[in-house]
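Since every read-out is calculated from the coordinates, none of them should be taken as a lab result. Just so you know, these numbers come straight off a predicted model, no measurement behind them. Neighbour counts run over all protein chains shown; Cβ positions are idealised from the backbone, glycine included.
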Amino acid sequence: MEPSTNADAVTVIEHANFCVSDPLGDIAPGSYHGFFRTDTRFLSRFEVSIDGRPLERLSSLLHGHRQASFYLTNPADFPVGPNALAAIRDREIRDSLRERIRLISYAEQPLELELRLAFDADFADIFEVRGRKKLRRSVRREQEGRRLYYRYDRAGYRRSTTVTLDRDVRWEDAGSCSLTVRLERGVPWELHVEVAGEESQDDGPHPLPSAISSDPEGVNRWASRIPLLETGDARLASAWRQATFDMASLLLTVPQGGFIPAAGVPWYLAVFGRDACIATMQTLLLGSELAVGTLRQLAAYQGDTLDPFRDEEPGKIPHEVRHGELSALAQVPHGRYYGSVDATPLYVMLFVEACRWSGWLSADAAPEPGEHARRSLPTRLRAVLPAVERAIEWIDRFGTGVDGLVWYEQRSPSGIRNQVWKDSWDSYRFADGRIAEPPIAAIEVQGYVVAAKRGLADVYLRLGRTDEAARLHRQAEALAAAIDERFWMAADGMYAMGIDREGAHIDSVTSNPGHLLWCGALTTPRAAAVAERLMAPDMFSGWGVRTMSTRMRGYNPISYHNGTVWPHDNSLIAAGLARYGHGQAAWRVVDALLDAADRNPHHRLPELYAGFDRHSTPDLVAYPTACAPQAWATGAIVLAAQTLLGFSPGDPGPSQPLPGAPSVRLRKVRLAGQRIDLQSP
């Protein structure tokens with residue numbers, strides 16, 4: 001079982017490295033805390049005590065996403081009295097973890113005390129920290145002067161941790177050390193600690209993908225170009241500041257060039273295909289660098305062969321890429337795991353959106369009949385077109401069944417059962433609560449494929465490849481018709497969330513059909529019906545659209561996918577509602593998201609929260625293991641701002657205002673090589 005992450009933890013992040021501690025700055029043994037890099041916990045204990053007693057908290061503060069300070073004092077029953085000592089732990093994470101411990105005495109007389117530090121390194125894989133049964137490891141520990149070493153080696157998989165102090169200490173058993181500190185009133189005393197991790201591995205049957213490097217200066221340059229938001233809505237202004245800050249903290253610098261957003265902290269600080277594609281589409285207002293970096297890196301990881309252990313097939317976009325021990329030694333398939341049916345069409349959708357935001361694929365760019373293409377793709381996008389075409393080939397060759405629908409089914413014994421965004425084992429339920437058995441054709445995946453093929457048809461038309469454009473267009477329209485014919489539940493006025501292996505509707509009323517609005521896959525009358533159903537009281541909680549209707553037997557407001565509210569889900573729904581002209585409903589959803597962000601002390605949307613009715617339960621109830629920050633929850637705020645602006649680079653028509661929505665202006669938006677200002681209608 002995953003440990004709860006809703007405790008008052010403090011997290012500092014730099015690229016794929018992060019450190020989670022309690023509000024005292026301590027990394028307690030047996031907790032999920034630690035210093036992590038490459039999906040491995042390099043430090044599992046770091047506790048500071050004075051005269052054998054833990055310190056007491058005054059405050060803990062973050063300074064950006066890389067630094068934190070912990071302000072502490074001595075216990076009240078200390079011999080010199082309460083608050084006689086200030087202890088400050090200044091922490092920074094880069095490639096290593098660095099900490100300065102400052103002690104300042106305010107006692108009238110000189111003070112002598114014993115400072116004790118306790119360390120340990122268990123080298124646990126991130127999957128073990130999340131709750132998987134732990135391996136038995138033989139970790140070697142050595143002390144030498146001011147350094148403490150931990151080393152681990154298994155089958156050519158090697159990890160080491162070096163703890164370095166800048167003062168002489170007395171080493172004790174079990175990785176602890178102490179030193180006597182003499183303090184004069186008001187004179188600061190300091191100790192510096194650095195924790196560095198190293199990793200290496202022999203080549204094996206499943207070599208890991210290329211390492212991901214760090215580029216903090218590049219991230220800072222990206223952040224400096226974020227557009228400036230102006231609005232009278234204080235909730236949106238605060239949420240925008242936090243969201244853009246959080247997105248910068250989640251960026252991974254990739255060998256292919258550019259950035260790709262990690263999915264979330266603490267469990268998902270890694271490449272996830274689905275999450276990265278959606279998050280970068282949500283945040284195109286911030287610039288195209290994330291889209292280009294994501295397209296490049298996912299192309300490098302694209303499937304090449306048939307490998308059931310990894311659910312890999314040629315052309316398939318990966319679900320997840322990990323670097324920890326279990327992945328490196330192929331005890332789990334996640335070194336490159338492909339158990340996601342939707343990442344591949346989402347990849348094509350992202351490519352199309354990048355073409356639109358580049359200005360190359362604008363509404364007036366399609367050649368007239370018989371006219372040749374006017375120019376080729378921009379170089380950065382032309383480089384990934386082969387990967388996009390392989391992705392379309394995967395959809396047709398491996399994803400699409402004889403009935404024309406796109407299906408998923410787990411093949412890896414260590415893989416994921418439900419290979420869609422609602423990927424918990426019990427997320428696909430019938431209205432009576434029964435759990436559906438794969439293979440399953442998920443409703444939103446059909447919408448993604450419709451949007452992907454329509455969009456790529458536009459690209460081909462722009463390139464003068466008219467026969468291929470016509471073929472894709474025919475396929476997209478046939479699938480759009482099949483959605484209406486195969487998934488519509490007339491009695492419920494809603495689409496089924498999926499079709500099971502027997503061809504039966506998985507008839508729970510859920511948020512999934514809302515993604516069809518975002519994709520533009522519905523007729524206008526059907527879109528109106530979906531909009532009405534999503535905003536009904538059993539679906540709309542007051543904090544957003546629930547993942548499942550309260551009328552369903554499987555509904556549970558604190559189940560991961562069966563009744564909670566997910567901000568990214570709601571941001572796509574709101575964008576889709578606005579797309580079909582349901583502005584009032586779109587504003588209700590955005591308004592609820594802004595209220596939820598405003599309830600958070602950091603003005604941050606978490607991965608998800610409970611689906612309790614707001615009128616009967618006015619508090620926003622946290623989900624115990626929600627990630628925060630999380631990429632597509634962060635992206636939800638940016639897409640909400642775009643929805644309020646009514647802007648789409650592929651839509652030539654005037655946008656309609658959202659009734660009741662605040663005025664929003666965004667300055668210095670980068671579009672088609674220019675900087676423009678956008679104003680809500």
Inset, instruction - Rank Tyr560, Gly258, Gly404 by how far each Cα sits towards the positive end of the charge dipole of the chain (+1 on Lys, Arg Cβ; -1 on Asp, Glu Cβ) and give me just the farthest. - result: Gly258
Legend entry - the chain: DSSP helices with Cα axial extent of at least 30 Å and average Kyte-Doolittle hydropathy no lower than 0.5: 443-463
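Using 0.36 nm times the number of residues separating Ser138 and Arg167, minus their current alpha carbon distance, what extension gain do you get?
Answer, rounded to one decimal: 7.5 nm.
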Inset, instruction - Classify the range 216-679 as rounded, prolate or oblate from the Cα gyration tensor: take a ≥ b ≥ c as the square roots of its eigenvalues, call it rounded if a/c is under 1.5, otherwise prolate when a/b beats b/c and oblate if not. - result: rounded
Legend entry - Contour excess over end-to-end distance, with Cα ends at Glu485 and Arg553 and 0.36 nm allotted per residue: 21.9 nm
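Take Ile27, Ile50 and order them by how many other Cβ atoms sit within 10 Å, fewest up front.
With the fewest neighbours first, Ile27, Ile50 line up as Ile50, Ile27.
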Inset, instruction - Rounding to the nearest 20 debye, state how big the charge dipole of the range 10-201 is about its Cα centre with +1 on each Lys and Arg Cβ and -1 on each Asp and Glu Cβ. - result: 740 debye
Legend entry - Within the chain, longest stretch free of exposed GluC sites (Glu not before Pro) [DSSP loop, at most 15 other beta carbons within 10 Å]: 185-370
Inset, instruction - Apply 1/(1 + (r/R0)^6) to the Cβ-Cβ distance of Trp425 and Val80, taking R0 = 56 Å, and write down the FRET efficiency to the nearest 0.05. - result: 0.50
Inset, instruction - Using only C-alpha atoms and all pairs of different ones, pull out the Kirkwood radius for the range 461-561 in Å with one decimal. - result: 15.1 Å
Inset, instruction - Using a Förster distance of 30 angstrom, determine the FRET efficiency expected from the C-beta separation of Ala155 and Glu198, and round it to 0.05. - result: 0.95
Legend entry - Percent of C-alpha pairs per 5 Å bin, the range 10-201, short to long: 1, 8, 16, 20, 19, 15, 10, 5, 3, 1, 0, 0
Inset, instruction - Return the subset of Lys133/Lys422; Lys133/Lys316; Lys316/Lys668 for which the Cα-Cα distance in this structure is over 27 Å, preserving the input order. - result: Lys133/Lys316; Lys316/Lys668
Inset, instruction - Can you bin the range 193-306 into rounded, prolate or oblate? Criterion: square roots of the alpha carbon gyration tensor eigenvalues sorted a ≥ b ≥ c, rounded for a/c under 1.5, prolate for a/b above b/c, oblate for the rest. - result: prolate
Inset, instruction - Give me the distance between the Cα centres of the range 399-451 and the range 503-522, rounded to whole Å. - result: 12 Å
Inset, instruction - Please report, in debye to the nearest 20, how large the charge dipole of the chain is about its Cα centre when each Lys and Arg carries +1 at its beta carbon and each Asp and Glu carries -1 there. - result: 800 debye
